[in-house]
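Worksheet: the structure to be examined is printed underneath.
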Amino acid sequence: MSASAPAPAPAALQARPLRLSTQAPDFEARLQQRLHWSAEADAAIEQRVLEIIADVRRRGDAAVLDCTRRFDRLHAPDMAALELHPAELQAAFEQLPAAQREALQQAAARVRHYHQAQLQACGQSWSYRDADGTLLGQKVTPLERVGIYVPGGRAAYPSSVLMNAIPAQVAGVSEIVMVVPTPDGLKNPLVLAAAHVAGVTRAYTIGGAQAVAALAYGTQSVPKVDKITGPGNAYVASAKKHVFGQVGIDMIAGPSEILVLADGSTPPDWVAMDLFSQAEHDELAQSILLCPDAAYLDAVQQQIDALLPQMPRAAIIAASLNGRGALIHTRSLEEACAISNRIAPEHLEVACRDPQRWEPLLHHAGAIFLGAYTSESLGDYCAGPNHVLPTAGTARFSSPLGVYDFQKRSSLIEVSAAGAQTLGRIASVLAHGEGLQAHARAAEMRLVGGAA
């Protein structure tokens, strides 16, 4: 962990989210300009990532060690020196202050409870028999080994350990391999303790594209996994994209996002801080407020001005709000809901008196936070649902990380002799129509008399 927090920002620093009105003739163009974010990696990053992946595939551990020395300034004689053993993870947990130990355990319990409910709802095998005795169904089985990437460097995220490892554990994954960069060899005790609490089985202090490649292809020391989950920087995102197909991945994550729908009833300083909570991630994070009350937008801006100087990460917050933030005056909350659906944000707060009234109108969001007391930050840490969410509008077709990401489904088919008489004739006709005679004959051989 860092030795000290950043100093508060100078009072002169300002954050001015773009002020928009849906009634302005240029609203659509200006909104699209503000929403624009390209997921395309820089060409130099892409080339470097491909070189790293190829090197790890060719040289294994030696390439990972070289990259770790170069990028993390961590000089290890071999991979054994970079492996975190269960005893070290347990020791990190036991040495935490009591308040941190309790918070980790409580958060983990809530995350585990939620994902156990998810398992019961959608993660079970099922089958049924037709009237002729044919059995049809689905067999759900866990992945055998998964890799979870936990960001390190500028910040450390024990919550990401919980959110990636616990649903994998609940799904029944046998082996959970964690990789986490530790620049200059500085290990975050909360991350290690979270790994202990969440049931991580193996862990290595490696990161970047080299860690993704090691998990995807395996090395002399790092086992090959079936799927890689977890966020990372541009190099990690690019590497995940390039190893997809060799292994599964969860998603290619973009900058964090929050969209707040407000009716003016939530204290404006609460909403201002909720906008800050995403803006502080990085300069490309996006924070948007939609409200039909122009005076309330003014009040939120006043709170942004008042609260910003108090924030240790004020420079990042200001850059994010100035570059990608927006305060949007809408004609109504119905219109605000429609705009939200078009944006499909990662985090969607409904800061309204009657959030249940508006929830049915909201169709596209990674996670929906209902009511003034449901700050997005509670979802990030301890509410229970997963905080690994689709970004950049992909909530239109993607879902939060969950138990189902660590399972696979196999179809079950057991055709009875009676069922083969009906199905065989259907299959024969269709197979002949496709010109696949062996398919047709295989079905016909099971017919009484051997012909369709």
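Just so it is clear, none of the values below were taken in a lab; they were calculated from the coordinates. Nothing here was measured: the structure is a model prediction, and the numbers come from that model. Heads up, the Cβs are rebuilt from the backbone with ideal geometry, glycines too, and the neighbour counts pull from every protein chain shown.
Distances longer than 20 Å among the Cα atoms of the stretch 43-249: what percent of all pairs is that?
On the way: 12411 of 21321 pairs.
Tail fraction, whole percent: 58.
So what's the gap between the Cα centers of the stretch 122-168 and the stretch 410-449, to the nearest angstrom?
First find each Cα centre; the distance between them is then 33 Å.
With unit charges on the beta carbon (Lys/Arg positive, Asp/Glu negative), name the residue among Tyr204, Ile249, Ala171 whose Cα is farthest towards the positive pole of the charge dipole of the stretch 43-249.
Selected residue: Ile249.
Only bridges whose two residues both fall in the chain count here: according to DSSP, what percent of them are antiparallel, nearest 5?
DSSP beta bridges in the chain are roughly 30 percent antiparallel.
How many nm separate the modelled label positions at His439 and Arg425, each set 7 Å beyond the Cα in the direction of the Cβ?
2.0
Restricting to bridges with both residues inside the stretch 43-249, how much of the DSSP beta-bridge set is antiparallel, in percent to the nearest 5? Working shown, then result.
Details: 6 of 20 bridges.
Antiparallel bridges: around 30 percent, rounded to the nearest 5.
Quickly rank 412-420, 346-354, 319-327 as a protection proxy: mean count of other C-beta atoms within 10 Å, highest first.
With the highest mean Cβ count within 10 Å placed first, the list reads 346-354, 319-327, 412-420.
With point charges of +1 on the Cβ of Lys and Arg and -1 on the Cβ of Asp and Glu, referenced to the Cα centre of the chain, which listed residue (Ala442, Ala193, Val180) lies farthest in the positive direction of the dipole?
Ala442
If packing is taken as the average number of other Cβ atoms within 10 Å across a peptide's residues, how do 440-446, 247-253 rank, most packed first? Intermediate results must be reported in sequence, preceding the final value.
Details: 440-446: 16.4, 247-253: 20.3.
Those peptides, ordered most packed to least, come out 247-253, 440-446.
Net charge near Leu333: determine it from the other residues with C-beta under 14 Å of the C-beta of Leu333, scoring Lys and Arg +1 and Asp and Glu -1.
On the way: positive: Arg331, Arg353, Arg357; negative: Asp263, Asp293, Glu334, Glu335, Glu349, Asp354, Glu359.
Combined, the nearby Lys, Arg, Asp and Glu give -4.
Per residue, how big is the convex hull of the chain when only Cα atoms are used? Give it in Å³. Intermediate values should be presented prior to the final figure.
Values: hull volume 90.4 nm³, N = 452.
For the chain, the hull spanned by Cα atoms encloses 200 Å³ per residue.
Return the long-range amide H neighbours of Tyr204 (sequence gap of 5 or more, or a different chain), with a cut-off of under 5 Å between placed amide H atoms.
Residues meeting the criterion, in which the H sits 1.01 Å from N, are Leu84, Met178, Val179, Val180.
What distance in nm separates the simple spin-label points at Gln302 and Ser332, each placed 7 Å from Cα in the Cβ direction?
2.9
Which value, in debye to the nearest 20, describes the size of the charge dipole of the chain about its Cα centre when Lys and Arg Cβ atoms bear +1, Asp and Glu Cβ atoms bear -1, and nothing else is charged? Before the final figure, lay out each step's value.
On the way: 36 positive and 44 negative charges, 199 e Å.
That gives a dipole near 960 debye.
Hey, if you put +1 on the Cβ of every Lys and Arg and -1 on every Asp and Glu Cβ in the chain, which of Leu261, Ala395, Leu275 ends up farthest toward the positive end of that dipole?
It is Ala395.
Output the pairs from Lys139/Lys227; Lys139/Lys241; Lys187/Lys241 with a Cα-Cα distance over 24 Å in this structure; if there are none, say none.
Values: Lys139/Lys227 19 Å; Lys139/Lys241 29 Å; Lys187/Lys241 27 Å.
From the list (Lys139/Lys227; Lys139/Lys241; Lys187/Lys241), the Cα-Cα distance tops 24 Å for Lys139/Lys241; Lys187/Lys241.
Work out the FRET efficiency for Ser265 and Trp37 from their Cβ-Cβ distance, taking R0 = 25 Å, and round it to the nearest 0.05. All intermediate terms of the calculation are to be shown ahead of the outcome.
Numbers: r = 31 Å, r/R0 = 1.24.
About 0.20, to the nearest 0.05.
Quick query: amide H of Ser287 versus all other amide H atoms, modeled in the peptide plane; which residues come in under 5 Å with a sequence gap of 5 or more or a different chain?
Excluding prolines and chain starts, which carry no amide H, the hits are Ile258, Gly325, Ala326.
For an R0 of 45 angstrom, estimate the FRET efficiency from the Cβ-Cβ distance between Thr201 and Ala54 and round to the nearest 0.05. Let's see the in-between values first.
Working: r = 28 Å, r/R0 = 0.63.
About 0.95, to the nearest 0.05.
Quick check: net charge around Lys139, other residues with Cβ under 11 Å of its Cβ, Lys/Arg +1 and Asp/Glu -1? Write out the running numbers ahead of the final one.
Working: positive: Lys408, Arg409; negative: none.
Around Lys139, the surrounding residues sum to +2.
What residues have an amide H closer than 5 Å to that of Ala372, excluding those fewer than 5 places away on the same chain, when H is modeled at 1.01 Å from N in the peptide plane?
The list, which skips near neighbours in sequence, is Cys352.
Can you give the FRET efficiency to the nearest 0.05 for Leu447 and Cys122, using r as the Cβ-Cβ distance and R₀ = 25 Å?
Working: r = 38 Å, r/R0 = 1.52.
That gives a FRET efficiency of 0.10.
What number, in percent, do you get for the relative contact order of the chain if the mean sequence gap of Cα pairs under 8 Å and at least 6 apart is divided by its residue count? Write down the numbers at each step before the final one.
Details: 907 pairs, mean separation 96.3, N = 452.
Over the chain, the number comes to 21 percent.
What number comes out for the charge environment of Leu284, summing +1 per Lys or Arg and -1 per Asp or Glu over other residues with Cβ under 11 Å away?
Details: positive: Arg324; negative: Glu257, Asp282, Glu283.
Charge balance near Leu284 sits at -2.
Under a point-charge model restricted to the Cβ atoms of Lys and Arg (+1) and Asp and Glu (-1), what is the dipole moment magnitude of the stretch 59-208 relative to its Cα centre, in debye to the nearest 20?
On the way: 13 positive and 13 negative charges, 58 e Å.
I would put it at about 280 debye.
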